[in-house]
Structure formats: structure tokens, C-alpha cells
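Heads up, the thing below is written out as C-alpha cells.
Quick note: the coordinates plus some simple rules give every number you see, no bench work behind them. As the structure is a computational prediction, the values presented were derived from the model and not from experiment. Here the Cβ positions follow ideal geometry from the backbone for every residue, glycine too, while neighbour counts run over all protein chains shown.
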Amino acid sequence: MMGMKIKKFKRSSAFFMAAALCLGSTSGVYAMDASELSRIIEEAKNTDTSGYTPESCESLQAALEGAENLLSKENVTEEELGAGGMMLQAILENGLVAQADKSSLTAVLSEVAAYTDDTQDGYEVLDQVRAQAQAVLEDGNATQTETDGVASAVAQAEENLGGGIDKTVLSDLITQAEAVDTSGSDDASVQQLKSAIASAKQVAANPSATQSLVDKHIQLLQAAAEALYQKTDSNTVYDGVYQIGGLLHHATADQVSMGNSALVKPFQLIKKGNDIHLRIECTSLTTKLGKQNFTGYLASMWYFPGFTSEDTLPYAAAEEGQAVDTGETQNAAETEAEDPEEAQSAETEAAEESSQAQTEDAAEDELFMDGEEASGDSDGAATGEEASAAQEETQSLDENEVPAAEAATAKAVGVESYYDIYDSYNDPKKGTDATVKGKKYPHYITIPVELNQSIVWTRIYVPVMEAINAGGGKQYAKMYLDWNDLKQISGTETDKAALKKQVTNAQNVQKSLKQDSQGYAGEQLAMLADAIAAAQAVYKNMNIDQTVVDNEVKALTMAVNAVTKVKVDSDKSELKKAIETADSYLNETDVEYETSTREALQRARDKASQVYDNEEASQTEVNKCVTAIDNAIQGLIIQGTDRREIKKALTKAETYLKDTAHYTAADMDVLRSVYETAKAVYGNKESSQEETDAQTGILDYVMKNMKKASQTKVDKTGLHEMLLTASNMAGREDTYTADTLKTLNSAITAAKTVYDNSSATQSQVNTQIKKLSKAVSGLKKKSSGSSSNSSNNNGNNSSNNNNNSNNNGSNSSLDVKNLADGVYSVTGSMVKIDKTSASMSNEAINHTIKLTVKKGKYSITMDFKGLTINGQLGYLGTLKYFKTGYKLDKYGAPSGSLGNVTVDSYQKYTNGKLVTDNFGTNYPDVVTFPLIDEAKNDGYVPLQVFVPIMDSITKGTGTQPAFLKLDWSTLKKTDSKDPGFEGDNNNGDGSNSGNNSTGNGSLSGNNGSLSTNSNGSLSGSGSKLGSNGSLSGSTSKSGGSSLKSSGSLKSSGTTTKSTSTKKSAGTTALKSGKSIGSKSDSKDTGTTKLTSSGLSDASDQDQETTTSGEAYADTETGTGESSGNMRKVAVPVSVSALAALAGVFYKIKSRGGSLRKKAGKKK
């Protein structure tokens, strides 16, 4: 482009006048009258010429004037008029030239205006082209073609400035590559990078280098740097399969063991993570006795983990020195292959077969098991029958053959597969060796070893040796391993197909370049050779991952591209990321940038977008745009408040606020408060940076220090309640089936484990409560003639109906939705809204429910009784039922229209008077209400109960939703006189009315079960769990608790000792902080004894007379001289709470727990 000039051809008005004069010869010219010419003249005058070049407008004006002169000429002919009109019409249609769009030219001239260094190569050309372009810019008659041409010339001159090739990016990359630390990298990958740097330097210094070659070396340097990987340590054993030298040596003599020839060498060693196993193939061995050959197999092998002493026999083996030495030395010396050459060949073939098999993944995964767990199930592996035989063999030999002193440490090797061979020793029918008869010989065995473990002590059994010399088949041997003879076979699994293909391609290119270098320098040829060598090293390396392989494929591809003429597309992946990053800054709404810096980023981003869309863009252009965006981002200046961090904190806090189940309520309240404050600051654009940062810090601090709910104290009171109830039921072998009791006891064991676990979560506790409840509900009564004593009710009154002639019909024919008119019985229980856990009211109902059908309408009749809570007897106050169409809220609680039940009778004392206490009177005894249709389908009757005593403990807790759960499978036809409908009256005679003490002092009425109130305190005693939350109790089979004093549930306090006899009744002193364990004679008076209420006739024989719901204690500890010195001791809720706070713990005799006092009088 040196000295380039742009020629312009201008057509002046004289040109058009000459053309008109040439038309003076009118021969053949279109004739036109004056009116037609006048019309064309008028059209020309009305034409808007503002968008056309001045020169073309002048031509139009000249033609217009010539036409007007023709009209004024005398004797003008029509041909002359036609010629003038034609010229004017031609200019109007084709002679006007539009002005050029010079915006691009203006932009390029503005861009190159900054170049002022006249010492640069190409500056002179740029200066000349720039001047010519400026002239075109100022020339109003310049055409679009002329304008575009000079603009392109300026851009080309700019590109050629400095030699015409942009090498700045390449030079920067060379500097960066030379600074890379390669000290820990693989040698071949390091050499690949060094050669790439050398080749790039040659290109950078070559004035004839093309931009394409420069760009290819940019990609080459980047790929070579990424292909560096960690150097392989020759002293490290990586995951994979290896061959290792080894042999089986005699335990004491300086010779190989008789079993050595039964093991194929070399062994295989497999490492996977921290597990290292030997894999050894067993083969047949032949020994000579005189001139006769005997062939056999290794039958069993044990190893001694951790025993590595070379000179000491394992444990009791030293005491069997004679057995070890006898026969083995001779046998081992005589044991040899029948044909040495055939044996060597067979051993080599076996080793190759073993090596090949070892590379299979399925086999490898099977090996990482201890010998006692390994089983064969691959090709040639043992079938289920064979595995069973192998297991029997291991058990037999472990128990009978290994000396007792070492039985705990000797382990059987793992058996991967067995030979499908029987010989005279192991033949299932004719085998002569009872130890191996019917058992197959191992083919592949595995032994776990430690890294660099050189000795493995073993014990082997070879039947053929046993046949030759009794006792000679059982031998100890040392297995030596040669870690210096370790050779890797396979390693990390990778796909190297693409790498192999690229190596072949690179080698072909290299071969052609040796014949014709095609102008490439020696540095480029050396670079290709080192790239091929690096790729080959990766291909052979068994201990690299897929990322290394993929990086090397790319590096080798770039090396090939650098020495071929192929056009390489620019790698725009980083440019795409840079554009996306720029957009994230430009679209940010929570921070404002100074206008000029933001505009600079916008320009860099727009330029990058153009380059990204340009398919012809060079790698240099791409990299420049990436750098420009990065620089623009670094140059951004924030003005105002940066709200990005507070927005992140708010978003994080919103996640916490949604996770209400895992954090304490108190912490959630704090977080919610600071969140609202921070949100307000964020929403106020006038907030200062200091205020914004402060709120961000506060929010982050609160979130960082929030406590997980599991970190707080877990409430185990509900589990405690269920454990007591379940344990009480577990001792009733005479009532319930063995299977259901077994299930219950398993549930109790699991629940005790969670109860004793100080780290148990609330979720785990709740799960055990549900499982216990399910197990209790699942108890099934024995069917053979067992009838419960109605005076000793066991808590489920329906059991009293077993002998009722009206209730023995089959329920299979009863359709609950289509019952005939009459009376029916069905078992029911009260459950919480989870429909699983027993409700507190479950102990207050007769579980045999009366169902009456009259004219197709169903009604339920329930019988209630008193419920003991914290030593007080409470009653149902009111009961309501939910009508048909009820709904369940998100917690499972029923909601809808409520109906009042019909009270058929009220609670009365045995003397016939209405029960009256501190909370009221007129407590329902028997109630009736309609059965809703929904219950016919699912068996759940939604109810609302109100228990005044509960409401007195905690206001608002007296009213609770619950479900009456009907077991329709127990539905039976009966009549209204069914004794099962008659509930027990536990109200007493009313002599102690008003203090709510139980009539007989039992912990839950007269059924003997241990129940608790809603906050988990033990019923009837007011006691709570000790500081470690554990329990203690005694065992009883007659309806008592199955909580054993020796079990995992133990009391932290000192407890009294009590039995069912009078002589060992314990004394409980009501003193702060402890319980005193002692024994007292029955003659002692003035004591409060915690004895069994008794659920069997046998224990009742030892009972003493019981007062009605009253307990007495000495006014002076240890004295009992006068009844006048005694005062009544009530155990109300307040005393229970105070006792718990004071640390008083009561020993509960789990079968009953009545508070009794021997009736003593003042002597």
C-alpha cells in the first residue's frame, strides 16, 4: 500500500452541454413538443437535491438551463426539443449521485489519530493513507465506494503498524509461561512446555511470521501450561493391579514350604484406597513317595494378621514344634512337578491367565473383603452350594483345626472361586479325607496385607500330604513378598482412545515434516517431537486421571496445528465468559459506577461482542478483548452505596427463616428482627455505606451463631411415658401372644437405647414414641380359653369378653357399612392427632365400645373412668364430636362443626353420690353420639375432649382434639347386656373427695399400668427422671413392669430397694436432692412405703391394709411413736413440680406403686 493514490473522475456541467451539442444531429431523435418539455422542466425544478452530491446537482442544473433555452429559441424544431428533454430526463433518473455515509470513516480516523510515533514500522504508510482518507472525508462529492475504500485502507495500515503482525499477546504469554513453577510436575510435561516456549519465542522474533502462526502459538502455550501434571513417585503404590514376587517358605527349615508349588507366581497385588490384597491362584501340586507320584490341591489356608515376626511361630504353633517339623521337611523336599519343564510352562501360562483376569473390574471389586466374608460368584466362582460348603469348611477348620490360643487371631483367606474338581480326598461320596470330603478346592484366594509387609504367616492344609503322612497336611509357613519386584499391570480407569488417535496423527505429520520442513523452523519441529513424547508418557501412565488425559489431547492437537497450514478457529470460550462477566457488572442494580468508567466497560463489552460474532476474528483479537474487559472491570469506580453484600446476606437469611424446623424459636425471632431492619436499610437508597455494612455484619453474625434445634435439650418425657406403659404391658405373657410381645420387647430395647443416648435428636425420640405406641396397639390376646378377672382389669376391658357367648361369632360376614339393626361391640382406643400415639385419655376409657344400629342409624356409646395424673384422679369434663364433613388442618387436627354428646350417666362414688372435686362435678360416665360416615371407612372418630385437671396444670391444655380409633376387625354382634360394656369404677367411696387422690393409690387407677401426665412426670409419685434421664424398675410377670434394674435405663439418684414382701419395703425420705436407700422391718411405723399394688393373687397375699387415697409421713424423721405426730401428705401437682426442682427422686415399684402406711397407733 506504499504510495497508494486514489483517483477521482469528475463529470462537470460542460460534459452534459457537450453531450447536448452532440445531439445537434437530430436524425433519429425522439420528437417532443414544447408542452412535454415544459413538463419535464417543471419536474426538475421540483426535485429535492439536498441528499445528492454537489457535482451531480450542478449537472442537473446545467441540463435544466439548456432545456429552458431551447423553449425560448426561435424556430426550434421538435427534434431539438426532444433532445433537450431526453438529456434532462436522463439526469433526473440516473445522474443524481447520493452523498456517501462517512460515519465508519470518521470512526476509523478518530481511532488512528492517536498514532504519532513516526519511528514505528508502517507509520509512513499509515500517515499517507490517513491524509487521503481525510481528503475523502472532506470531499462532498466522494462516493460510498470511495469512502469505504479509504476506510479499509486506514484499518489495514493500522493493523500493519509495527510490522503488520500483532505479537503483544504472544509476548505476554511467553513471559507468563516462563514463570510457571514446574518443580513438582512430570518431566515429559515440563519438557513439552519448554519446547512450546522456545517455538513461541522463535515466532515472536520472526519478522515474516504470519498472524495465523502467532495465534496458533498462543493456543499452544495455553494448552501446554494446562497439560502439566504431578510427577509420579516411583516409591508410591497407586490404586491398581500389580505383580509381586513371592514364595511360601518353610516355617522353621531353610527351604520352601510343601505348599509353595501350589501357588502360582508371581502373585497379584491389588490396591484400592486403603485396602491392599494379595490375589493368588492355586494350582495342583505333585509329590513323590518313593517312585510313586501323588497329585493334590491346597484345601485351606489361614493367615495371621499383624504377626510379622520372622523368627517366632504364631502363638501356640511354637508348642507344636514337632508337628511343624515332622514330615514337612521330607515332604517339602520331595514335592516337585512330575515334569519340570511342563510345570514351568504351566506356571507361566497360569500367571498370564491370572494377570489377564485381574484386569477385569468385576473381579477386582470382589476382592476387597475379609476372608470370612469373601465368596465366589464370577466366572468359575462357587455356586451358592459351593459357597455354603466353603463356609462350612472355614467354620470347621476355624473351630477344630486352629489351636485355641490362636483361634481368635487366625483368619481364613478369602476364596474368590473354586475348582470344579473332586479327587479321592474330597469326593462327596468316596472321599477319604473327612476334613475336605464334599468340599471343593480353592482356585483364587485373597489375603489382605499392609503396604511393604514382607512376611505373612500362614497355616495351610493339603490333603495329599495328610494322606502320605498323618499330621503332615497341616503346616505353618511364611509367605515372603518381594516389594522390589513390584510391577504394575493396571491403574486408574481412563479413556485414552482419543489420545492414541492423536498420537498417531502427530507421528504422521512429524514423518512428513522430516521429508519437507515446509518452511518451519527447527524450534517448531522439536516442539512437535516433545509434544508426542509427552502424550506417549501420559498414555503409558496408569496413575493419572481423565482430566490429565484430556488436557494432553488438547496440547498435542495445538502442537500439530502449529506446524500445519490448516486454518484454526479461535478459541472464544474465555471471551464468552468475559462478556457474561461484563454483563453482570453492567446489569447490577445494587451498586452505581462512575459514568466514565461504566462507559469504558460498555465499550469493551461491545467490541468483544463484535469479535465474538466475527468468524474471521484472530486469536489475538479474542485475547485482546478479554484483556480489555478485565482492565475495564478493574477500573470501575463505585459511587454511592454498594448494596451487593447486604443483598447476599438478606437472601441467605431468607433461607434460614424458611427452615423453622432446625433452629430454635428464640434464635428465629432474633434473626427475623435483624432481617427486617437490614431489609429496610437495603430498601433505602439514601442509606450510607457505613450503615449498610453494619447491618450486613449484624445479619451475618446472627446467622453464624444460630443454634440448631438438636443442640438444645431434647424433650424425652413423652418417650419416658411410653416406655413405662410399654414395659408394663411387656410382662403379660399370660395375656398376649408371644410374637406380639416379642415385637413389643424389641421396640422397648430400641427405645431404651435412644432414651439413654444423650446425643439423640428430637426426631429420633419422636420416632421411638410412635414405634412403641404401634407395638402396644399391636398386642394380640391369646385365643385359647384365657379370661381376665374383671376385678383385676388389665387396661383393655375388651379382654373380659373372651368367654361371652354373644361375642364368639365370626366378624368376616359383618359389613360395617351395611349392618342390620342391633347392638355390636368393637375395640377402640384414643389416639393423638398423629393417629398413632396414644392419647392421655386412652387410659380413661373402656376399650370395648358399644355400637348401636337403629333404623340404619349408627351411634357410639363410650364408658369413661377416672384418669390419674400426678397422683390426682381427674375426669373428663366435656366431650364433643366433629360432624360429617370435617377437615384436617396442616398438623392433622380435625376442624369443622362440633356436636354435643348425650350424657347417659355421670361419675359416682361407690356410695352413689356424684363425684365432686376441686375442679367441679357432673363428670360424664357413659355418653352416646352419632357415628359419622367417615369413620365407617377409616375407623377414626374425631373428638374434642376437655379435662379440667389438665387445664388447672396449664391453662388452655385441658381442651385437646383426639381420635377414637375403632378396630373394625374386632366388630362383633352382641347385645346391650354384654359385660364388656361395663367399665370399672375407680372413684372410691368418696371419703376423700375434693383432694383428688386416687382411691387406691395406684399409679393409674386399678389397671396397674404406669402412665404419665402431659409433661412426663411419673403418675402417682410426682417424681421425674434424674439428671441423666434414666429409669430403674423391677421385673414382674403378673402385669408388672418389665423395666429391669440391671437394664440400660437406670436412675441417677440413690434409690430405695423394694420387693413384694413386707420385710424389705424401702423407706423414702422426702429430703432435698436425694433418695435414701434402706431396709426397714414391717414393724416400723411412720414411714411412707413405695410397694407394689399387686396384680396377682400371689402378691396380694403380702399386701397390708391400705387407706383410701391418703399417705402419711413422720413429722420427725425416723420416729413413729404416736399417730398424733403424723400428718397427711398429699401429692398434688405443685408438690410434684417442687420435688422435681429440688432433685427428689422416687423409686417406683413398677407393678403398682401404691402409697401405703402400716396402721400404727400410739403405744
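Observations on the model:
- Hypothetical label at LYS780: residues of the range 717-750 whose amide nitrogen lies under 20 Å (7 Å Cα-Cβ projection): 729-748
- If you take the Cα centroid of the range 854-920 and the Cα centroid of the range 471-529, the two points sit 85 Å apart.
- Relative to the Cα centre, the charge distribution of the range 448-500, modelled as +1 at Lys and Arg Cβ and -1 at Asp and Glu Cβ, gives a dipole magnitude of about 80 debye.
- Hydrodynamic estimate: the Kirkwood radius of the range 103-159 over Cα pairs, inserted into Stokes-Einstein at 37 °C and 0.692 mPa s, corresponds to D of 291 µm²/s.
- Share of alpha-carbon pairs per 5 Å distance bin for the range 644-711, given as whole %: 3, 19, 32, 21, 13, 7, 4, 1, 0
- Residues ASP516 and SER573, FRET efficiency given R0 of 30 Å [Cβ-Cβ distance, rounded to 0.05]: 0.30
- Largest-first ellipsoid semi-axes for the range 200-297, taking √(5λ) over the Cα gyration tensor eigenvalues, angstrom: 61, 15, 12
- Taken over the range 573-639, the alpha-carbon convex hull comes to 66 cubic angstrom per residue.
- With eigenvalues of the C-alpha gyration tensor scaled by 5 and rooted, the range 468-568, Å: 49, 14, 11
- Each label point was placed 7 Å from the Cα along the Cα-to-Cβ direction; for GLN762 and LYS73 their separation is 11.3 nm.
- Full-extension gain in nm, ALA31 to SER688, via 0.36 nm per residue minus C-alpha separation: 227.8 nm
- Sorting the segments 551-559, 187-195, 747-755 by their residues' average number of neighbouring beta-carbon atoms within 10 angstrom, most packed first, yields 551-559, 187-195, 747-755.
- On the beta carbon distance between LEU898 and ALA666, with R0 = 35 Å, the FRET formula returns roughly 0.50.
- What the Cβ-Cβ distance of ASN274 and GLU124 gives, at R0 = 56 Å and to the nearest 0.05, is a FRET efficiency of 0.15.
- Computed extension gain for LYS430 through PHE307, at 0.36 nm per residue and net of the alpha carbon distance, reaches 40.4 nm.
- Counting neighbouring beta carbons within 10 Å and listing from fewest to most, the residues LEU298, LEU586 come out as LEU586, LEU298.
- Per residue convex hull volume, Cα atoms of the range 520-567, in Å³: 58
- Relative pair counts by distance (%), Cα atoms of the range 97-222, 5 Å bins: 2, 10, 17, 13, 12, 11, 10, 8, 7, 5, 3, 2, 1, 0, 0
- Cα pair distances of the range 413-544 binned at 10 Å [whole percent]: 9, 21, 18, 14, 12, 12, 8, 4, 0
- Within the range 175-205, backbone nitrogen closer than 11 Å to the virtual label 7 Å beyond the Cα of LYS231 toward Cβ: 182-188, 190
- Global form of the range 854-937, assessed from the alpha-carbon gyration tensor, a/c cut-off 1.5: oblate
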